[in-house]
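Encoded as structure tokens, the structure appears first; notes follow it.
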2 protein chains.
Amino acid sequence: MAKQLEFWFEFGSTYSYPAAMRIESLADENGIQLVWRPFLLGPVFKDQGWKDSPFNLYPAKGKYMWRDLERICESQNLGFRRPSVFPRNGLLATRVACRYADEEWIADFVREIYLANFKYDLDISSREVVSQCISKCYDNSEELLLEAETEESKQLLKRQTEQAQSAGIFGSPSFLVGEELFWGNDRLEAAIEWVVRC
Amino acid sequence: MAKQLEFWFEFGSTYSYPAAMRIESLADENGIQLVWRPFLLGPVFKDQGWKDSPFNLYPAKGKYMWRDLERICESQNLGFRRPSVFPRNGLLATRVACRYADEEWIADFVREIYLANFKYDLDISSREVVSQCISKCYDNSEELLLEAETEESKQLLKRQTEQAQSAGIFGSPSFLVGEELFWGNDRLEAAIEWVVRC
């Protein structure tokens, strides 16, 4: 069995954008099997008493994060435009990603959503934008959207978010190697190294 | 004039320990002049509505941090023992460091305090422990302690902490290159690179 790295991510999360854009090639280079684990930060933040992103609740931290993210995107040659709405609600996109996490096109879809949010400042909470993102990697977007909107798909994401919390995840991006947790885009290399070493 | 990097740090801060242990050699290797800027996180956290370290207020984050710090110390070959009291009050040590920031022995003193707190689990809030740490790098510790306890030294640290807040600093370790702010032990390399590039 190939060595596994679980990538836990929320589409509204800023630092998850540079992580999502580089994780697949890093995993490939190291012969690591990547497991895509979309979840929702809302319930996780609520557990910590936050009704909004900590970057909005704590302005000094937020101001720093936007500048830091800008620098990181520049260093990764990633397009970046500060979203006019933050955090954006990625519920529908996350249901799609959760339902189809094992499909061949999942990496492309995840990147399309992040690019929509953080490069093109598009409203990823809208069904139309999610549909456009699917269309870039799969022929029949309506089929997937209808499936993502079933009660079963909703429950699937709910359970996955609960699983994130059980694993001690409190932010995005997070990386799990067995029970070993790594948090933050800046810990991706350490997580990869952990998989390689184990 | 040599290129400058300002190192803003609080003695109670966990991730500041690995940063403090490696910053001088990194700066030296890159021909950068290091400016030691001790400050207090208490007033900074208070401004954000926190009466304690966020690592205590948010247990999931705290649990992760201790494990993450352990991994980092291991990778840096740094001794580490989780302090039995956290966060420790570094007020007196910080007054000493602030008053004598330009002295030749400051780097050694800073490292001694961090080692006391995070390697030897010693009570750095005690005058005796601070005195022992001074003694490892300066002959007359009592002389420095008395000076650090003057009203002038107290005001010096108060102003420096206010200056940290004005500069947008919200955590430790922080690195300032002109007005460019970097936060976290994991941003030290980026800060160094920024100095070198500018």
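Whether a residue is closer than 29 Å to B:PHE182 by Cα and either assigned to a helix (DSSP H, G or I) or within 14 Å of another protein chain (Cβ to nearest Cβ) (or both) was assessed, and A:GLY79 does not pass this test. One residue is enough: does segment A:142-160 have a residue meeting the conditions in contact with a strand residue (DSSP E or B) (Cβ under 8 Å, 6 or more places away or on another chain) and surrounded by 15 or more Cβ atoms within 10 Å (Cβ to Cβ)? Within segment A:142-160, one or more residues are in contact with a strand residue (DSSP E or B) (Cβ under 8 Å, 6 or more places away or on another chain) and surrounded by 15 or more Cβ atoms within 10 Å (Cβ to Cβ). The number of residues in segment A:145-198 that are among the aromatic types (Phe, Trp, Tyr) and more than 10 Å from every other protein chain (Cβ to nearest Cβ) comes to 1. The set of residues in segment B:110-127 that are of a type in the set (Phe, Trp, Tyr) and in contact with a Phe, Trp or Tyr (Cβ under 8 Å, 6 or more places away or on another chain) comprises B:TYR114, B:PHE118. Taking the conditions (1) touching a residue at least 60 places away in the same chain (Cβ under 8 Å); (2) within 14 Å of another protein chain (Cβ to nearest Cβ) in turn, A:GLU70 satisfies each one other than (1).
Which of the residues belonging to segment B:113-132 are more than 18 Å from B:TYR15 (Cβ to Cβ) and buried (at least 24 other Cβ atoms within 10 Å of the Cβ)? Within segment B:113-132, B:VAL130 is the sole residue that qualifies. In segment A:19-45, of all residues being part of a helix (DSSP H, G or I) and more than 23 Å from A:VAL96 (Cα to Cα), the one that is farthest from the other protein chains (Cβ to nearest Cβ) corresponds to A:ASP28.
Residues are listed down the side, and each one gets a yes or a no for (1) closer than 17 Å to A:GLU24 by Cβ; (2) at pLDDT 95 or above; (3) in contact with a Gly (Cβ under 9 Å, 6 or more places away or on another chain):
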position	(1), (2), (3)
A:ASP139	no, no, no
A:GLU143	no, yes, no
A:ALA164	no, yes, no
A:TRP183	no, yes, yes
A:ILE192	yes, yes, no
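In summary, A:GLY49 fulfils each of the numbered conditions (1) within 14 Å of chain B (Cβ to nearest Cβ); (2) part of a helix (DSSP H, G or I) with the single exception of condition (2). Working only within segment B:30-42, note down all residues that are more than 15 Å from the chain's Cα centre (by Cα) and surrounded by fewer than 19 Cβ atoms within 10 Å (Cβ to Cβ). Scanning segment B:30-42 gives B:ASN30, B:GLY31, B:GLN33. Across segment B:34-60, the qualifying residues are those that are among the aromatic types (Phe, Trp, Tyr) and in contact (Cβ under 8 Å) with a residue 60 or more places away in the chain, and the one among them that is farthest from B:PHE7 (Cα to Cα) is B:PHE39. Test B:TYR64 against the criterion of being without any contact (Cβ under 8 Å) to a residue 12 or more places away in the chain and either among the hydrophobic types (A, V, I, L, M, F, W, C) or assigned to a helix (DSSP H, G or I) (or both), and give yes or no. So B:TYR64 fits the description; yes. Scanning segment B:158-177 for residues that are of a type outside the set (A, V, I, L, M, F, W, C) and touching a Cys at 6+ places or on another chain (Cβ under 8 Å) yields a total of 1.
The listed residues are A:TYR114, A:TYR58, A:TYR64, and the only one of them that is more than 14 Å from chain B (Cβ to nearest Cβ) and within 29 Å of B:ASP186 (Cα to Cα) turns out to be A:TYR114.
The values are calculated or read from the model by the stated rules, or taken from the named source; none is laboratory data. Keep in mind the model is a prediction, meaning the values are calculated, not measured. Here the Cβ is made from the backbone with ideal geometry for all residues, glycine too, and neighbour counts use every protein chain on show.
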